[in-house]
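Colleague: Structure provided below as structure tokens; questions to follow.
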Amino acid sequence: MGGGDVQWAELATQFHRDSSYQESLLMEHELLNTIRGFRGNPDLTIIPPSADLRPNRPPQGAICIYHAQVEYGLMLPPQLEFREILNSFQLVPAQLSPNAIAYVYSLLKLLQAQEIPWTLTLFRSLFSWMTVPGYGGCLALRSKTRRAMFSGASSSHSDWRDYYFFVGGDLGIPLTPGVCPPEFSGEAKWVAGQETLRNLEKLKGQSWPLKDFLRHVRNDIFLHAKTLGYDVLKEVAAPSGVATMKRARRGHPVTQLSKEVAAKGEGEEIRVPEPVCGGAVVDVVSSPDDTADDKKTLAELGYTGKGKEPMPATKSQAIPKGSAGVIIGGKEESNKAAVGQEKDRVEEPHPEVAPKAPGEKKGNSGNSEPEPPQKKVRNKEEGASLPGRSMTGRGVWCPRSVRTSPVTSGMTV
């Protein structure tokens, strides 16, 4: 993660001046499911997002909380350890990236398993803050140990700033960012006691997968609610037709926070992998107007070349009307190709035109051997001079080279 050093004196100003925030895309039923573990708390006020609210412009007396932060272990009100971090560094939750929340939560679970007591000095000895590029006043955590303390940080919440809500009440944390005191902005290892140093030795050089700790979040939400004396509410089902709602207000594809497959909204286009041509996968763009071409093969759609560029299908070579050696059969005829498995019925030459058939050698009436293929084409005048026969009649003589070749279906002559 390419973050930089933190300029604590300017951090709050950077957060307030960030104009890149957009309106929250969190739907009502998603909000209810996100806070179902905290809605029973009478000391909290849940404020849904609106068009005029932003993470750095929350309602009076409230703070912004991201959906991903709750998913990664932030309770409401925050756990005591989270409160100590936010109060010590004068931060609000909206300044912390989801992975920063995941690191703190996983550290608490690891210390519990190792029977190591939590202290802010231990936390500062293990992690340091860094800024998130492009997000004004937003912070992430990086490990101070030789190896990353936690592995498998998720990138599935790349759009985490688009899904947020607001919470008011007695949270025990700052409502607005402040200036971090100097005693917390320096190095902590110089003030660490012997016990902290021993605990660091136990944790040094090891790495733990985040997923092993994050799977306990749901259970901890129930324990958190039980400790505060209220029940976790049931999940709310999505209303009918929610998959077709227009969630992509700024060109975003229609997605669900529950990571379920979302259908395409009306009038929108999303890029999806679609199996075509015997299972090969290519990227196609689907839209409501595309249904006319559904279930067509690539050849029917005019795609016969390699790659994604359309190429015109290979057309049969048109033979001029005057060219001999082409059978134009009647309605009762059927063509059979040696390769194409089609029937090809060849009529015997008509006795009236047999002596003048355009494949025989002149002056040798007894020899019906056809001329070589390069000499089989007659000019238009010879083909049109056959008595009593036209090019659309039956019985036109066909040379052997044509008889053994498939006749292209749909040839226009």
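Colleague: For the subset of region 168-186 comprising residues that are in contact with a Phe, Trp or Tyr (Cβ under 8 Å, 6 or more places away or on another chain) and modelled with pLDDT under 95, which member is surrounded by the most Cβ atoms within 10 Å (Cβ to Cβ)?
Modeller: Cys180
Colleague: Quick one: which residue in Arg147, Arg124 is in a loop (DSSP other than H, G, I, E, B) and over 30 Å from His29 (Cα atoms)?
Modeller: Sole residue among the options that is in a loop (DSSP other than H, G, I, E, B) and over 30 Å from His29 (Cα atoms): Arg147.
Colleague: Working carefully through the options Ser97, Ser125, find the one that is in contact (Cβ under 8 Å) with a residue 60 or more places away in the chain, crowded, with 19+ Cβ neighbours inside 10 Å and in contact with a Lys or Arg (Cβ under 9 Å, 6 or more places away or on another chain).
Modeller: Numbers: Ser97 fails: in contact with a Lys or Arg (Cβ under 9 Å, 6 or more places away or on another chain).
That would be Ser125, the only listed residue that is in contact (Cβ under 8 Å) with a residue 60 or more places away in the chain, crowded, with 19+ Cβ neighbours inside 10 Å and in contact with a Lys or Arg (Cβ under 9 Å, 6 or more places away or on another chain).
Colleague: May I ask you to say which residue of Ala148, Ala140, Ala102 is surrounded by fewer than 19 Cβ atoms within 10 Å (Cβ to Cβ) and not β-branched (Val, Ile, Thr)?
Modeller: On the way: Ala140 fails: surrounded by fewer than 19 Cβ atoms within 10 Å (Cβ to Cβ); Ala102 fails: surrounded by fewer than 19 Cβ atoms within 10 Å (Cβ to Cβ).
Ala148 is the lone residue from the list that is surrounded by fewer than 19 Cβ atoms within 10 Å (Cβ to Cβ) and not β-branched (Val, Ile, Thr).
Colleague: Could you please let me know if Val132 is closer than 30 Å to Ile35 by Cβ and of a type in the set (A, V, I, L, M)? Quick ask: steps written out before the conclusion?
Modeller: On the way: closer than 30 Å to Ile35 by Cβ: yes; of a type in the set (A, V, I, L, M): yes.
For Val132, the condition - closer than 30 Å to Ile35 by Cβ and of a type in the set (A, V, I, L, M) - is met.
Colleague: Of the conditions (1) within 17 Å of Arg215 (Cα to Cα); (2) touching a strand residue (DSSP E or B) at 6+ places or on another chain (Cβ under 8 Å), Leu126 satisfies every one except a single condition; which number is it?
Modeller: (1)
Colleague: On to the next question. Could we say that Ala102 is touching a residue at least 12 places away in the same chain (Cβ under 8 Å), touching a strand residue (DSSP E or B) at 6+ places or on another chain (Cβ under 7 Å) and assigned to a helix (DSSP H, G or I) here?
Modeller: Working: touching a residue at least 12 places away in the same chain (Cβ under 8 Å): yes; touching a strand residue (DSSP E or B) at 6+ places or on another chain (Cβ under 7 Å): no; assigned to a helix (DSSP H, G or I): yes.
It is false that Ala102 is touching a residue at least 12 places away in the same chain (Cβ under 8 Å), touching a strand residue (DSSP E or B) at 6+ places or on another chain (Cβ under 7 Å) and assigned to a helix (DSSP H, G or I).
The values are calculated or read from the model by the stated rules, or taken from the named source; none is laboratory data. Quick caveat: nothing in here was measured; it's all calculated off a predicted structure. All Cβ positions, glycine included, derive from the backbone under ideal geometry; neighbour counts span all protein chains shown.
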